[in-house]
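Values quoted throughout were computed directly from the atomic coordinates according to the rules given, and no laboratory measurement underlies them. Being a predicted model, the structure only gives us computed values, none of them experimental. As a convention, Cβ positions derive from the backbone with ideal geometry for all residues, glycine included, and neighbour counts pool all protein chains shown.
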Amino acid sequence: MRTTKQLSITLPNNMADALKERVASGAYASESEVIRDGLRALFSQEEAVERWLHTEVVAAYDELRADPSKAISSADMRAHLATLHEQHISKNTT
């Protein structure tokens, strides 16, 4: 039984060129190998996001539901983030 399936895909020119460059450089043996590696990276990233959502985000949501007094307004959050941003900018420009 065959464990692979041949597909035909269409890529923008810049992606097709980048794919061919990786094969030409010797980094990959074939264009299919480049695509497989890219898909493995995509699947890994998606799994990491799912784990993060199910662990940290769900826990934070449950904590907030249990004690709504810990919530802050969106305006307060924007102000807090702006302050952090300003601190970061001033720290990196001095």
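Annotations for the structure displayed:
- Under 12 Å, Cβ to Cβ, from residue 53 - net charge with Lys/Arg +1 and Asp/Glu -1: -3
- Projecting the alpha carbon convex hull of the range 13-93 along each direction and taking the average yields 9.9 nm².
- Positive-end residue of 18, 30, 90, charge dipole of the chain with Cβ unit charges: 30
- Convex hull volume per residue for the range 15-58, taking Cα atoms only, in Å³: 68 Å³
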